[in-house]
Amino acid sequence: MLQTVPAPPPPDVRPTDPAMLAIRGLHAAYGQSEVLHGLDIAVAPGEIVAVMGRNGMGKSTLMKTLMGILPATFGTIAVDGHDVTGLKSHARVARGLAYVPQGRMIFSTMTVQENIETGLTVTGARRVPEDLYAMFPVLLEMKGRRGGNLSGGQQQQLAIARALASRPKVLLLDEPTEGIQPSIIREMGRTLKAIRDARGLSIVVSEQVLSFALDVADRVLVIENGAIVHESPRADIDEAQVARFLSV
Ligand SMILES: Nc1ncnc2c1ncn2[C@@H]1O[C@H](COP(=O)(O)OP(=O)(O)OP(=O)(O)O)[C@@H](O)[C@H]1O
Ligand SMILES: [Mg+2]
């Protein structure tokens, strides 16, 4: 009698790792000078992780390596179960990574709307979706204005909106509070949590401002000289200990 054999599972298209972002044994270097010395970080779906560290500790290098701006020398990076380590930046964006660089890097002579449109490329959409403007009403008001004429806080919102335009699964923000006044920093914290709640995406944010990290993050990591030296869930954090890592 013929037995029906169950169909094999489809090829590896399903996530093999419950982490939305899985970083394993990541090393990166500028020429001969190694800056990241083997990082292991797993970020759960919907989780906000803050990577804290003083100047020059490797925060931006980590972000650049995740985005493929700097190649990893060893280790792997996976997004939603897909290895992206060998991919170019645009292909990583298509896989669900988005990036708000340190210093925001908006296009100052382009309008607000044009800036956001540059983030749409991988989605195939031509127009800025309404929900992005709903998230950042000030950008709707200013959509015809040149990016360079916005305040620092408004430019940061623009950089976040541009990153969200690609519908990421993982949003990376490199020191978003840098050069931004305290009241706006608090508002940014609320915005990031609202985005996470609305979209269910994972967020990795590098920071030196402890109060902001405590406000937004579910988990706090400390990076020192290119290695993770401390890790704590928000609920159990020893603030004084983390503050000591950040003091010079
Ligand atoms: N383009 C580069 N070429 C060579 N070395 C670099 C380059 N960019 C950064 N570095 C070095 O890599 C190390 C980590 O720098 P990185 O920019 O990642 O630090 P950071 O934590 O982002 O600091 P900050 O808080 O000041 O932005 C530093 O020693 C820095 O001097
Ligand atoms: Mg930096």
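For K193, the lysines whose Cα falls under 28 Å of its own Cα, not counting residues fewer than eight places away in the same chain, are K59, K64, K143, K169. Between beta-carbons, use under 13 Å as the cut-off and find the net charge around G147, counting Lys and Arg +1, Asp and Glu -1. Charge balance near G147 sits at +3. For the range 127-161, the residues whose amide N sits under 12 Å from a probe point set 7 Å from the Cα of Q181 along the beta carbon direction are 151-154.
A Förster radius of 35 Å, combined with the Cβ-Cβ distance separating R54 from R126, puts the computed FRET efficiency at roughly 0.25.
Using DSSP, restrict attention to beta bridges with both residues in the chain and report what percent are antiparallel, rounded to the nearest 5. Intermediate results must be reported in sequence, preceding the final value.
Numbers: 23 of 41 bridges.
Antiparallel bridges: around 55 percent, rounded to the nearest 5.
Prolate is the label for the range 70-120, because the ratio a/c of its alpha-carbon gyration tensor axes (a ≥ b ≥ c) is 1.5 or higher and a/b is greater than b/c. Does the range 110-218 classify as rounded, prolate or oblate by the C-alpha gyration tensor (a ≥ b ≥ c root eigenvalues; a/c under 1.5 gives rounded; else a/b over b/c gives prolate, otherwise oblate)? Since a/c reaches 1.5 but b/c is at least a/b, the shape of the range 110-218 is classed as oblate. Dipole check for the range 95-158: with +1 at the C-beta of Lys and Arg, -1 at the C-beta of Asp and Glu, and the Cα centre as origin, the magnitude is about 140 Debye.
For Y30 and K88 in one chain, what is 0.36 nm times their gap in residues minus the Cα-Cα distance, to one decimal in nm? Walk me through the numbers before you get to the answer.
On the way: separation 58, 0.36 × 58 = 20.88 nm, distance 1.76 nm.
Extending this stretch completely gives an extra 19.1 nm.
The stretch between S108 and Q241 holds 43.9 nm of extra length on full extension. This uses 0.36 nm per residue minus the Cα-Cα distance.
Where the only charges are on Cβ atoms (+1 Lys, Arg; -1 Asp, Glu), what is the dipole of the chain about its Cα centre, to the nearest 20 debye? Don't skip to the answer; put the middle values down first.
Details: 25 positive and 25 negative charges, 156 e Å.
The calculated dipole for the chain is roughly 760 debye.
For the range 30-146, the fraction of C-alpha pairs more than 17 angstrom apart is 66%. Between amide H atoms placed 1.01 Å from N, distances below 5 Å from F74 occur with H27, all of them 5 or more places distant or on a separate chain. For E47, nonlocal amide neighbours, meaning residues 5 or more places apart or on other chains whose placed amide H falls under 5 Å from its own, are I203.
Applied to the range 127-140, the Karplus parametrisation 6.51 cos²θ - 1.76 cosθ + 1.60 on θ = phi - 60° returns per-residue 3J(HN,Hα) values of 10, 5, x, 4, 5, 5, 5, 5, 6, 10, x, 5, 6, 5 Hz, with x for Gly and Pro.
At 222 nm, what helix-only mean residue ellipticity would the chain give, in deg cm²/dmol to the nearest 500, using -39500 (n - 2.57) for each DSSP H run of four or more? Numbers along the way, then the final one.
Details: 9 runs with 79 residues, N = 248.
Per the formula, -9000 deg cm²/dmol.
Here is the size of the range 194-248 from its Cα atoms: Rg then Dmax, 12.0, 37 Å.
Derived scalar couplings between HN and Hα for the range 144-158 equal x, 7, 6, x, x, 8, 7, 6, x, x, 5, 5, 5, 4, 5 Hz in order, rounded to whole Hz, by the Karplus curve 6.51 cos²θ - 1.76 cosθ + 1.60 (θ = phi - 60°), x for Gly and Pro. First check a/c for the chain, with a ≥ b ≥ c the square roots of the eigenvalues of its C-alpha gyration tensor; if it is under 1.5, answer rounded, and if not, answer prolate when a/b is larger than b/c or oblate otherwise. Oblate shape, in that a/c is at least 1.5 and b/c is the bigger or equal ratio.
None of the figures in this text is laboratory data; all of them are computed from the coordinates on show. Only a predicted model underlies this, so the values are computations on that prediction, with no experimental measurement involved. Note that we place each Cβ from the backbone using ideal geometry, even for glycine, and neighbour counts take in every protein chain shown.
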